[in-house]
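The values are calculated or read from the model by the stated rules, or taken from the named source; none is laboratory data. Because the structure is predicted, anything quoted here is derived from the model rather than measured. Using ideal geometry, Cβ is built from the backbone for each residue, glycine included, and neighbour counts are taken over all protein chains shown. Only protein heavy atoms, including side chains, enter the accessible area calculation; ligands, DNA and RNA are left aside. Shrake-Rupley method; radii C 1.70, N 1.55, O 1.52, S 1.80 Å.
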Amino acid sequence: MWGIIRQKVGSRCFSASILGQSLERIEQPLTVLARNFSSGGKDMNVRDALNSALDEEMSADPKVLLMGEEVGEYQGAYKISKGLLEKYGPERVLDTPITEAGFAGIGVGAAYYGLRPVVEFMTFNFSMQAIDHIINSAAKSNYMSAGQINVPIVFRGPNGAAAGVGAQHSQCYAAWFASCPGLKVLSPYSSEDARGLLKAAIRDPDPVVFLENELLYGESFPVSAEALDSSFCLPIGKAKIEREGKHVTITAFSKMVGYALQAAEILAKEGISAEVINLRSIRPLDRDTINASVRKTNRLVTLEEGFPQHGVGAEICTSVIEESFEYLDAPVERIAGADVPMPYAANLERMAVPQVDDIVRAAKRACYRAVPVAAVA
Amino acid sequence: MALKRLTSSPSFPSLPNLLFKSLSTPRSFSSASTEDEKILTIETSVPFTGHKCDPPSRTIDTTPKELMGFFHDMALMRRMEIAADSLYKAKLIRGFCHLYDGQEAVAVGMEAAITKKDSIITAYRDHCIYLGRGGTLLEAFSELMGRRAGCSKGKGGSMHFYKKESGFYGGHGIVGAQIPLGCGIAFAQKYSKDETVTFALYGDGAANQGQLFEALNIAALWDLPAILVCENNHYGMGTAEWRAAKSPSYYKRGDYVPGLKVDGMDALAVKQACKFAKEHALKNGPIILEMDTYRYHGHSMSDPGSTYRTRDEISGVRQERDPIERVRKLILAHDLATASDLKDIEKEVRKQVDEAIAQAKESPMPDPSELFTNVYVKGYGVESFGADRKEVRAVLP
């Protein structure tokens, strides 16, 4: 079943070429990007990036192990763990029954003892079955035990909307997990993000929720030689400015970063220079980078795929109002998934998830708010 | 732990000076062992019942030292819990306080069968297990009162005692969660080739939790050295076992996993069962032990414990099955000590508890800065906030 969906997905979502083209267009004018890639850099898709990160970390530390449904003999439901069973054996790559509460709890217990498990949820929708262990058994233990029991575990898997999978398989869990102290929540966009953040997550002594995106698995990105090194690691809690700009800041994570970059291209043609921030880390949130950017551009559009109420954008908006109110020249704009369960019909589904047009429109609203709103008589 | 205090106590005469007269031991001790180590063979009053396994013998070897140790340790645990009751009523302990008095034999019997390299994890009725694992009275009372000297520095409370260095993994508030966690610890022990086991304790209330069966399935599939111990005190909060479980034969609920039903009020039976279970788990994977036990207090200090059971039932158990009285009778029957010796131990224990409480009361509450410590091991210098973030913020190291 999953195989069929993946084929459909390949033809329906942005193919690598569109994304690749927009990235190429960005690379030339902006030589001051933080990204450090060699001109002869190779391309790698997110799937291979995650696979190589898992492989390298398992090789470096015998305490690292992978458990989840279909991670072993099936080579991974989305082939992220391809080849790992063969390389590391069934003691370190463990196929579990379909019992999230059970195996998540077992993973946390193993972490209590000192192992470094990576627990895969086939999608984060199923993490709700195990959420008590993620929050109460993992996130809070270091605090409740005053430092005696730390939990070096990673919960990873695809998060958010896929394509046509319906309401129960499409939710984004970033806001829920990121509200919880004791957890770290990361969400990669590019292959470099995937490698660097997953390696950082596995090495981290605290519980990390690692939110991937199914539709990004097949996307290719250029990776620098530095990123290909087995010691490569990205810092947790630091966002990345994917595109510098002057007029409006757009914050995004995961697949939405790609959409924001596309929107930035369109806006550039209309004379609006958008700065796109790839959050990378939802918790800890890089408030410094976000606020510095807003203080420069004076306008903010928050972008996420998940439900709008109490979402990531709500937190970013409040943070900016608290820290940088005087710098805002326009109200903060919020683009998020529709406030409805995800419908199946293709037209409705398109309306339920942010599109590039929505981002462009919101950015323009933020920029053309030059005339103050008149008081109603 | 307990035994050192026993022999160094000034009010208690040293053991070698006591007259020994064993009624039932056919063996004479070798000249190499002291009288402390003389083997006594005791038969449990109730045999074990097995499910998919051959139960161990009900004839158990013990020593005077062990029996005296049981008496002392259980008396200490009993006194600690009763003192906690008073502290709670005096509002020095807040929130939840789940007391273990009546169930002491499970804690001491288990310790007698295992080492500190084996692991124990339990739910929220954890004070006595903590003591058995080597925790001190001062750490326990300080934690209960939310003070700095507490085992979790005052940040955990009654339900969150831990002692990782001696294999005690808490202390958990969510009913049933400790079972998959315990199976995970067992997984890690097997992965690390430590040849040790994990005892995951849970109550008759938790025995119906789905995650128990999920974890047990995985434990059986992967041959994990996990021992699930149902402390069946017959009431899940206010609900009697027959009202909560279609099948209250908890030792059989593992289905394909073997089980053993044990008289949980008999420390020696508990010891034998745990020894049997450890050997089984290391060779054959998970096993369930059902300890038939009883709690004198209600579910917690908020529960009088008498609305769903009769006072006659409670006093009946106290008279017929109290674990401390059972060991007292054994000690007296075998002339290991006199009645007044045992009373002296109880007095000494009471004194220790009172001293620990006095010391715990002196311990200050945690420094306000502790609000923000231990959120993470590695905080990356990130900011955290108090209720009014413009007033109270901290950097997490």
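What chymotrypsin sites (Phe, Trp or Tyr not before Pro) in the stretch B:62-120 are in a loop by DSSP, with at most 15 other Cβ atoms within 10 Å of the Cβ?
Those satisfying the criteria are B:Phe96.
Report relative contact order for the stretch A:275-377 in percent, whole number only (criteria: Cα-Cα under 8 Å, sequence separation at least 6).
28
Per residue of the stretch A:153-170, what does 6.51 cos²θ - 1.76 cosθ + 1.60 with θ = phi - 60° give for ³J(HN,Hα)? Whole Hz please, x for Gly and Pro, Karplus curve as stated.
Residue by residue, the stretch A:153-170 yields 10, 10, 9, 10, x, x, 10, x, 6, 9, 9, x, 8, x, 5, 7, 10, 10 Hz.
Top mean-square fluctuation among B:Val229, B:Val108, B:Val377, Gaussian network model of chain B, C-alpha springs under 10 Å?
Per the Cα network of chain B with a 10 Å cutoff, B:Val377 tops the list.
Which whole-Hz couplings ³J(HN,Hα) result when phi for each residue of the stretch A:280-285 is put into the Karplus expression 6.51 cos²θ - 1.76 cosθ + 1.60, θ = phi - 60°, listed in order with x for Gly and Pro?
6, 10, 7, 9, x, 8
Using the Kyte-Doolittle scale, which helices in chain B average at least -0.5 and also have C-alpha atoms spread 18 Å or more along the helix axis, with helices defined as whole DSSP H runs?
B:64-89, B:178-191, B:267-284
At what distance in angstrom do the alpha carbon centres of the stretch B:45-78 and the stretch A:290-365 lie from each other?
65
Rank B:Val353, B:Met291, B:Ser249 by how far each Cα sits towards the positive end of the charge dipole of chain B (+1 on Lys, Arg Cβ; -1 on Asp, Glu Cβ) and give me just the farthest.
Ranked along the dipole, the leading option is B:Val353.
Compute a Gaussian network model of chain B, connecting alpha carbons closer than 10 Å, and tell me which residue from B:Ser300, B:Ser166, B:Ser86 fluctuates the most.
Maximum fluctuation in the GNM of chain B, among the listed residues, is at B:Ser86.
Where does chain A land at 222 nm, in deg cm²/dmol rounded to the nearest 500, when only DSSP H runs of n ≥ 4 count, each adding -39500 (n - 2.57), divided by all residues?
-11000 deg cm²/dmol
Give the distance, in whole Å, between the Cα centre of the stretch A:182-248 and the Cα centre of the stretch B:116-180.
About 37 Å separates the Cα centre of the stretch A:182-248 from the one of the stretch B:116-180.
Roughly how much accessible area, to the nearest 100 Å², goes out of reach of solvent when A and B pair up, both sides summed, probe 1.4 Å?
Using a 1.4 Å probe, the pair buries roughly 4100 Å².
Kindly provide the GluC sites (Glu not before Pro) of the stretch B:72-168 that DSSP labels as loop, not H, G, I, E or B, and whose Cβ sees at most 12 other Cβ atoms within 10 Å.
Working: sites: B:Glu81, B:Glu104, B:Glu111, B:Glu139, B:Glu143, B:Glu165; in loops: none.
Here no loop site has a sparse enough neighbourhood.
Take every Cα pair under 8 Å in the stretch B:72-215 that's 6+ residues apart, average their separations, divide by the length, and report that relative contact order as a whole percent.
Across the stretch B:72-215, relative contact order equals 23 percent.
Take every Cα pair under 8 Å in chain A that's 6+ residues apart, average their separations, divide by the length, and report that relative contact order as a whole percent.
15
Where in the stretch B:134-168 are there chymotrypsin sites (Phe, Trp or Tyr not before Pro) that are in a DSSP coil and have at most 10 other Cβ atoms within 10 angstrom of their Cβ? Numbers along the way, then the final one.
On the way: sites: B:Phe141, B:Phe161, B:Tyr162, B:Phe168; in loops: B:Phe161, B:Tyr162.
The qualifying sites: there are none.
Taking amide H atoms as placed 1.01 Å from N in the peptide plane, list the residues 5 or more away in sequence, or in a different chain, whose amide H sits under 5 Å from that of A:Met44.
A:Phe221, A:Val223
Add -39500 (n - 2.57) for each DSSP H run of 4 or more in chain B, then divide by its residues: what number comes out at 222 nm, to the nearest 500 deg cm²/dmol?
-12000 deg cm²/dmol
Quick one: dipole size for the stretch B:180-278, taken about the Cα centre, charges +1 on Lys/Arg Cβ and -1 on Asp/Glu Cβ, in debye to the nearest 20.
100
Please compute, for peptide B:45-55, the average count of beta-carbon atoms on other protein chains lying within 10 Å of each residue's beta-carbon.
0
Quick one: what are the phi-derived ³J(HN,Hα) couplings along the stretch A:117-124, Karplus 6.51/-1.76/1.60 with θ = phi - 60°, whole Hz, x for glycine and proline?
Taking θ as phi minus 60°, the curve returns x, 10, 9, 9, 9, 4, 9, 5 Hz for the stretch A:117-124.
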